[in-house]
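The values are calculated or read from the model by the stated rules, or taken from the named source; none is laboratory data. Predicted, not measured: the structure shown is a model, and the values here were computed from it. Every residue, glycine among them, receives a Cβ derived from its backbone with ideal geometry; neighbour counts consider all protein chains shown.
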Amino acid sequence: MTTRYRVEYALKTHRRDQLIEWIKGLLAVPFVLHSQPTAVFEPQGQSVEKQASVAQRRYAEIFRDVEEIINDHIEHQKVGKPERSKLKLLVPSVANFFTSLALHDAFIWQDQRRFISNRRFVPPSFNDVRLVLNTAQVMSLVRTGPLGLVTFDGDVTLYDDGQCLTQDNPVIGKILRLMHRGSKIGIVTAAGYTEAKRYYERLFGLLTAIQESQMSLEAKQSLIVMGGESNYCFQFDANSPDLLRLIPRDEWLLKEMMLWTEDDITELLDIAEASLRDTVKNMRMEATVVRKDRAVGIIPKHGQKFCRETLEETVLIVQKILDMSEVGQRLPFCAFNGGNDVFVDIGDKSWGVLACQRIFGGIEGGKTLHVGDQFLSAGANDFKARLACTTAWIANPLETCQLLDEIAELDEMQQRKTR
Ligand code: IMP
Ligand code: MG
């Protein structure tokens, strides 16, 4: 018999984050027991404030408990046995943590802004938990500061999908503020171009703001663009017309990356291209296949909009075929749904972030934060960054700005404490 659970699992596993779903499930119990929906039509019942304070206490207790379960997992990681932790039993897909998470304090912080405990009809949601996790991550990073490296995805994280980082984008001032505070910056994007000019066209707002700032030449160089996930590396260069200088691969490749042979790269991209062509045909997609030296993808013909289901189907097929190929076992790759295109890149963002860490002198994963929008386990490209550093999962460029403001506010509070 096919149970509902099995159907859900088969159909949706790639669209769920198990840790967030688990926490959401834990919070559902106090919501059911302590929210008071009848107070809407029975005003003589418990006051909103009273109910909210009871709910807040219960939710906060749960976040405190989860914080401790994560700490226990970290202890198991330290002795090389993460698979024995209680968290691993409860959430089998959970990976390693680079820092503990200040979940209790982060929940109180977000509750003061989102009024989660005041709600009587809408339980703590996926987005509530995602934002609490982000705040908890930045709280832990700031408390153990300084934040060595912040890497950003491009599309949807810094600017809207397919757009450019123009001069009026509010994120610019916030990135400059991080640079002034001494953090290095990496833009780790899937967008893969061999020339600096193309990145200048996408990022000119930020690049010109850095150029015009009062920062020292050395401080300005603390911005790197890593394109094609982990394939093309550029550093800020005030003297170059495009404000970026290509760094030759032999200056920054990690030793594992040197083992990626051209033959394997061609073979993997050939397999991916054949699969994409096949799906385009079967799904009657109006798509153009784009082949590059480190990537292959499909983009819509004349303004066509693909539906989400078609894009996901395309990614899952190419992912499966590559997973089952021999070369796919040897060579890291990343197949993802870019919103209205599908790409397969050689390498992935974990390598991109690791290379940035190395270029800046060996910054640790626990001192690095990657901010991105694609964290589902299949068909998403920021997900792999979790192997290299701590992460924050945002849903749009506005949330990136809010996260950077949170970092600044927490940093300010931390400074006052230590002064
Ligand atoms: P990201 O969100 O900054 O990682 O950018 C992803 C988007 O870059 C994709 O959805 C594509 O539209 C675009 N893109 C351009 N060239 C490439 C490439 O070579 N590989 C992957 N994505 C690319
Ligand atoms: Mg993105």
**Fill in**
So, first residue without any contact (Cβ under 8 Å) to a residue 60 or more places away in the chain in the range 335-361, second residue assigned to a strand (DSSP E or B) and surrounded by 23 or more Cβ atoms within 10 Å (Cβ to Cβ), Cβ within less than 8 Å, six or more apart or across chains; the pairs are 337/379; 341/297; 341/298
**Request:** Search the range 83-104 for residues that are among the charged types (D, E, K, R) and pair each with any residue that is surrounded by 14 or more Cβ atoms within 10 Å (Cβ to Cβ) and not in a helix (DSSP H, G or I) when their beta-carbon atoms are under 9 Å apart and the residues are at least 6 apart or on different chains.
**Result:** 88/94
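Which helices (runs of 4 or more DSSP H) sit wholly inside the range 268-360 and have at least 2 residues that are among the hydrophobic types (A, V, I, L, M, F, W, C)? Don't jump to the end; show me each part of the working.
Numbers: elements: 308-324, 326-330, 349-359.
Helices (runs of 4 or more DSSP H) meeting the threshold: 308-324, 349-359.
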**Item:** the range 144-197 - residue that is within 16 Å of ligand 1 (Cβ to nearest atom) and acidic (Asp, Glu) and, of those, nearest to residue 226 (Cα to Cα)
**Value:** 153
**Request:** Kindly list, by first and then second residue, each pair from a residue in the range 374-389 that is away from ligand 2 (no atom under 15 Å from the Cβ) to a residue that is acidic (Asp, Glu), limited to pairs with Cβ atoms under 8 Å and residues at least 6 apart or on different chains.
**Result:** 377/17
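Name the one entry in 116, 185 that is surrounded by fewer than 24 Cβ atoms within 10 Å (Cβ to Cβ), among the β-branched types (Val, Ile, Thr) and farther than 16 Å from residue 409 by Cβ. Can you show your working first?
Numbers: 116 fails: surrounded by fewer than 24 Cβ atoms within 10 Å (Cβ to Cβ).
Going through 116, 185 in turn, the sole match is 185.
Looking only at the range 41-53, decide whether some residue is among the hydrophobic types (A, V, I, L, M, F, W, C), in a helix (DSSP H, G or I) and at pLDDT below 95. First the steps, then the outcome.
The initial filter retains those residues of the range 41-53 that are among the hydrophobic types (A, V, I, L, M, F, W, C), namely 41, 48, 52.
Still in the running and in a helix (DSSP H, G or I): 48, 52.
Okay, now just the ones that are also at pLDDT below 95, so 48, 52.
Looking for residues that are among the hydrophobic types (A, V, I, L, M, F, W, C), in a helix (DSSP H, G or I) and at pLDDT below 95, one finds at least one in the range 41-53, hence yes.
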**Asked** When residues of the range 133-192 are filtered for being within 12 Å of ligand 2 (Cβ to nearest atom), part of a loop (DSSP other than H, G, I, E, B) and touching a residue at least 12 places away in the same chain (Cβ under 8 Å), how many remain?
**Response** 11
**Asked** Right, residue 120: part of a loop (DSSP other than H, G, I, E, B), among the charged types (D, E, K, R) and in contact (Cβ under 8 Å) with a residue 12 or more places away in the chain or not?
**Response** yes
**Yes/no for residue 392 being within 11 Å of ligand 1 (Cβ to nearest atom), within 21 Å of the chain's Cα centre (by Cα), hydrophobic (A, V, I, L, M, F, W, C) and at negative phi** = no
**Asked** Residues of the range 78-93 being buried (at least 17 other Cβ atoms within 10 Å of the Cβ) and part of a loop (DSSP other than H, G, I, E, B), which ones?
**Response** 85, 91
**Complete:** Among residues of the range 193-215 being part of a helix (DSSP H, G or I) and among the hydrophobic types (A, V, I, L, M, F, W, C), the residue nearest to residue 245 (Cα to Cα) is 196
**Asked** Is it the case that the range 191-211 has a residue that's polar (S, T, N, Q) and more than 30 Å from residue 290 (Cβ to Cβ)?
**Response** yes
**Complete:** Given the conditions (1) under 20 Å from the mean Cα position of the chain (by Cα); (2) crowded, with 21+ Cβ neighbours inside 10 Å; (3) part of a helix (DSSP H, G or I), every one holds for residue 63 apart from (1)
**Request:** Working only within the range 313-361, note down all residues that are within 16 Å of ligand 2 (Cβ to nearest atom), over 19 Å from residue 262 (Cβ atoms) and not polar (S, T, N, Q).
**Result:** 315, 335, 336, 338, 339, 341, 342, 343, 349, 352, 353
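Anything in the range 362-373 that is more than 16 Å from ligand 2 (Cβ to nearest atom) and not in a loop (DSSP other than H, G, I, E, B)? List them, or say none.
Narrowing the range 362-373 to residues more than 16 Å from ligand 2 (Cβ to nearest atom): 362-368.
Scanning the range 362-373 gives 365, 366, 367, 368.
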**Prompt:** Does the range 289-311 hold any residues that are in contact with a helix residue (DSSP H, G or I) (Cβ under 9 Å, 6 or more places away or on another chain) and away from ligand 2 (no atom under 16 Å from the Cβ), and which are they?
**Reply:** 289, 291, 292, 293, 294, 296, 298, 306, 310
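Somewhere in the range 232-247, is a residue assigned to a loop (DSSP other than H, G, I, E, B), within 15 Å of ligand 1 (Cβ to nearest atom) and touching an Asp or Glu at 6+ places or on another chain (Cβ under 9 Å)?
Of the residues in the range 232-247, the ones assigned to a loop (DSSP other than H, G, I, E, B) are 237-243, 247.
Add one more test, that the residue is within 15 Å of ligand 1 (Cβ to nearest atom), and what stays is none.
Looking for residues that are assigned to a loop (DSSP other than H, G, I, E, B), within 15 Å of ligand 1 (Cβ to nearest atom) and touching an Asp or Glu at 6+ places or on another chain (Cβ under 9 Å), one finds none in the range 232-247, hence no.
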